[in-house]
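Asks: Dropping the structure in here first, questions after.
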Number of protein chains: 2
Amino acid sequence: MTVQATPYVAYPRPDVAEKLRLPPGRLRILDAAAEAFMERGYDSTSIDEIADRIGATKGAVYYNYRSKLDIFLAVYERGMLLLEERTADALQKCADATSAERLRAVSVAHADNIMSNYTYHVVIQSGVEQRRQMALKDADRTRLSELDQMRTHHESLIQAFIDEGQRDGSIRDMPARLATRTLIGGIVGIAIWYRPRTGQTQDERLDMAGEVVELLLTGLLPR
Amino acid sequence: MTVQATPYVAYPRPDVAEKLRLPPGRLRILDAAAEAFMERGYDSTSIDEIADRIGATKGAVYYNYRSKLDIFLAVYERGMLLLEERTADALQKCADATSAERLRAVSVAHADNIMSNYTYHVVIQSGVEQRRQMALKDADRTRLSELDQMRTHHESLIQAFIDEGQRDGSIRDMPARLATRTLIGGIVGIAIWYRPRTGQTQDERLDMAGEVVELLLTGLLPR
DNA sequence: GTCTATAGCTAGATAGAC
DNA sequence: GTCTATCTAGCTATAGAC
């Protein structure tokens with residue numbers, strides 16, 4: 001059995017690449033907002049501060065985004081789109097590999113993505129649950145749910161590989177749900193301790209992502 | 001070589017148990033505040049809301065704590081004290097074991113503590129960095145630094161066991177710093193996915209903590 | 001020890017100039 | 001498209017009653 005059931009195999013989805021293309025002005029706002037949200041949190045970041053960071057004033061921000069929540073949702077969306085694009089890319093390159101190898105590829109792509117776009121992922125990690133508790137307009141709640149589904153979908157992809165690997169024996173026999181949680185927790189946990197170094201190249205990040213995933217897959221103890 | 005250099009071996013420290021004993025009124029406030037901070041975030045939690053959760057009004061809260069930040073710091077402190085007490089306890093029970101076994105014991109204690117006091121640890125996890133960015137009075141900044149040191153100290157304890165284990169061969173040869181980060185990330189990451197079930201016993205949590213640590217130490221792949 | 005009332009401030013959002 | 005000015009809501013913290 002393969003993971004044909006999971007949407008990622010239908011990639012490249014044209015709308016992902018399209019949605020990732022933003023007018024430069026908006027991208028600057030999102031980058032600045034993600035950084036500010038990460039450092040100070042959603043609530044204590046003012047629109048004035050976001051505007052300051054791009055050397056403008058409120059007006060320029062509100063011309064592009066309806067509200068502060070709208071900016072947050074755009075950050076959330078972009079983070080998920082970046083992850084989705086990268087995941088689809090990784091899967092294409094190993095379509096015929098074993099399930100354990102595909103699990104590794106997806107995990108490395110995920111880990112690398114968290115490091116490469118870490119402001120976005122830190123914001124998602126620390127902000128989504130709290131935004132969900134807010135009083136939201138219907139349209140915003142719908143949009144939030146759609147983004148949550150993208151996240152859930154990515155998790156179920158990893159879960160699918162682990163299930164598959166357990167069936168074919170390439171992954172150890174242990175509670176699959178807990179193994180999924182622990183693996184994802186270890187990857188997402190990168191956002192807790194990783195801080196990008198200036199001058200770090202994409203290759204260096206990939207190496208580090210590979211080592212972290214290697215550790216999670218094979219453990220700390222001698223084999 | 002042992003970890004005599006690390007303060008935990010000097011336990012039980014009497015002041016930890018003493019600081020954990022709080023007047024019931026204050027404990028109720030901290031529990032309510034930790035829950036509110038976790039669900040809604042520090043900034044969008046009002047003092048009124050904390051008061052509501054204990055069936056009182058602002059006055060009762062401000063009688064016990066100077067400011068909202070003071071409440072946050074008390075939550076941070078209590079979370080760290082609970083971890084410290086539990087860690088010292090675990091270490092006492094395996095003082096003569098191998099370094100790998102002590103690493104396991106400390107890790108399980110940590111994992112269990114995150115589940116058993118998860119509101120406190122979620123608040124610490126998601127709030128400390130952002131509080132550090134605030135404009136703080138000198139006294140508050142000093143207190144925050146002291147609590148940060150408690151956290152750093154716990155991390156260096158785990159790092160010490162990994163270093164030791166690599167020297168005596170009970171832990172695999174890989175970048176020690178990254179292994180420490182990944183292990184701690186995996187444990188702290190529990191706060192991301194774990195939600196307590198009503199009726200879950202302490203023993204069940206301990207089992208789960210043991211399985212998660214087992215996974216992190218031995219990996220997902222067959223051995 | 002807990003309450004209510006209120007002072008004082010901050011920040012999201014909008015209107016209208018340029 | 002971006003600016004400044006402003007309206008308005010909600011919140012921290014305090015004062016003073018009971």
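Asks: Averaged over peptide B:168-178, how many Cβ atoms belonging to another chain are found within 10 Å of each residue's Cβ?
Replies: Values: counts 0, 1, 3, 4, 7, 1, 5, 4, 1, 0, 6.
Other-chain Cβ atoms within 10 Å of each residue's Cβ, averaged: 3.
Asks: Further question on the same structure: How many Cβ atoms of partner chains, on average, are near each residue of A:35-43 if near means within 10 Å of its Cβ?
Replies: Values: counts 0, 1, 1, 3, 4, 7, 11, 4, 7.
Rounded to a whole number, the mean comes out at 4.
Asks: Given label points at 7 Å from Cα along Cα→Cβ, what nm distances, shortest first, separate A:Asp70 from the same residue in every other copy?
Replies: For A:Asp70, the other copies' label points sit at 4.1 nm, shortest first.
Asks: Ignoring any ligand, DNA or RNA, what whole percent of the accessible area of chain B comes from carbon and sulfur when the probe is 1.4 angstrom? If you can, show how the numbers build up before the last one.
Replies: Working: 5160 of 10230 Å².
On chain B, the fraction of accessible area on carbon and sulfur atoms equals 50 percent.
Asks: Please give the net charge around A:Tyr62, taking every other residue with its beta carbon less than 12 angstrom from that of A:Tyr62, where Lys and Arg add +1 and Asp and Glu add -1. Walk me through the intermediate numbers first.
Replies: Values: positive: A:Lys58, A:Arg66, A:Lys68; negative: A:Asp48, A:Asp70.
Neighbour charge sum, excluding A:Tyr62 itself: +1.
Asks: State to the nearest 20 debye the size of the charge dipole of the protein assembly as shown about its Cα centre, where the only charges are +1 on K and R beta carbons and -1 on D and E beta carbons. Walk me through the numbers before you get to the answer.
Replies: Numbers: 58 positive and 64 negative charges, 153 e Å.
That gives a dipole near 740 debye.
Asks: While we're looking at this one, here's another question. In whole percent, what relative contact order does segment B:7-218 give with Cα contacts below 8 Å and a gap of six or more residues?
Replies: Numbers: 174 pairs, mean separation 50.9, N = 212.
So the answer I get is 24 percent.
Asks: Let me ask another. At 222 nm, what value in deg cm²/dmol follows for the protein assembly as shown if DSSP H runs of at least 4 each add -39500 (n - 2.57) and the sum is divided by all its residues, to the nearest 500?
Replies: Values: 22 runs with 322 residues, N = 446.
Value at 222 nm, helices only, nearest 500: -23500 deg cm²/dmol.
Asks: In addition: Highest mean first, what order results for A:163-171, B:181-189 on Cβ atoms within 10 Å? Please report the intermediate quantities before stating the final value.
Replies: Working: A:163-171: 17.0, B:181-189: 25.0.
So the order, starting with the most tightly packed, is B:181-189, A:163-171.
Asks: Where in segment B:17-47 are there trypsin sites (Lys or Arg not before Pro) that are in a DSSP coil and have at most 16 other Cβ atoms within 10 angstrom of their Cβ?
Replies: Here the sparse-neighbourhood loop sites are B:Arg21.
Asks: Helix by helix through chain A, keep the DSSP H runs that span 27 Å or more along the axis on Cα and average at least 0.0 on Kyte-Doolittle, and give those back in order. Don't jump to the answer; show the numbers that get you there.
Replies: Working: long enough: A:68-92 (36 Å, 0.21); A:138-168 (44 Å, -1.21).
Long hydrophobic helices here: A:68-92.
Asks: Also, I was wondering about something else. Heads up, I need the accessible area for A:Cys94: 1.4 angstrom probe, whole protein in place, Å², nearest 10.
Replies: Roll a 1.4 Å probe over it and A:Cys94 shows about 20 Å².
Asks: For labels at B:Glu155 and B:Arg26 in the simple 7 Å Cα→Cβ model, what's the distance in nm?
Replies: 2.8 nm
Asks: So, one more: Please report the buried accessible area for the interface of B with A, total over both chains, probe 1.4 Å, in Å² to the nearest 100. All intermediate terms of the calculation are to be shown ahead of the outcome.
Replies: Numbers: alone 12340 and 12340 Å², together 20470 Å².
So the total buried area for this chain pair works out to about 4200 Å².
Asks: To one decimal in nm, how far is A:Pro222 from the same spot in the other copies, if labels go 7 Å from Cα toward Cβ? Please give the shortest first.
Replies: Nearest first, the other copies' label points are 2.3 nm away.
Asks: Per residue, how large is the accessible surface of the protein assembly as shown? Use a 1.4 angstrom probe and give square angstrom.
Replies: On the way: 20470 Å² over 446 residues.
Heavy-atom accessible area per residue stands at 46 Å².
Asks: While we're here: With unit charges on the beta carbon (Lys/Arg positive, Asp/Glu negative), name the residue among B:Thr198, B:Pro23, B:Ala56 whose Cα is farthest towards the positive pole of the charge dipole of the protein assembly as shown.
Replies: Working it through, the farthest residue towards the positive pole turns out to be B:Ala56.
Asks: For chain A, modelled as a GNM with alpha-carbon contacts under 10 angstrom, which of A:Ala95, A:Ala191, A:Ala209 fluctuates the most?
Replies: Of the options given, A:Ala95 has the highest mean-square fluctuation.
Asks: Could you pull out the trypsin sites (Lys or Arg not before Pro) across segment A:110-145 that fall in loop regions by DSSP (anything but H, G, I, E, B) with no more than 16 other Cβ atoms inside 10 Å?
Replies: Working: sites: A:Arg131, A:Arg132, A:Lys137, A:Arg141, A:Arg143; in loops: A:Lys137.
Answer by residue number: A:Lys137.
Asks: Evaluate peptide A:120-126: per residue, the Cβ atoms of other protein chains within 10 Å of its Cβ; return the mean as an integer. Display every interim value, and only then the final one.
Replies: Details: counts 0, 0, 1, 0, 0, 4, 7.
For peptide A:120-126, the averaged partner shielding equals 2.
Asks: Starting from a label point 7 Å past Cα on the Cβ side, list the distances from A:Asp15 to the same position in the other copies, nm, shortest first.
Replies: Result for A:Asp15, in nm, nearest copy first: 6.0.
The values are calculated or read from the model by the stated rules, or taken from the named source; none is laboratory data. Bear in mind that the values here come from a model prediction, so they are computed numbers and not experimental data. Methodologically, a virtual Cβ is constructed for each residue, glycine included, from the backbone with ideal geometry; neighbour enumeration extends over all protein chains shown. Just the protein is used for accessible areas: all its heavy atoms, side chains included, with ligands, DNA and RNA removed. Shrake-Rupley method; radii C 1.70, N 1.55, O 1.52, S 1.80 Å.
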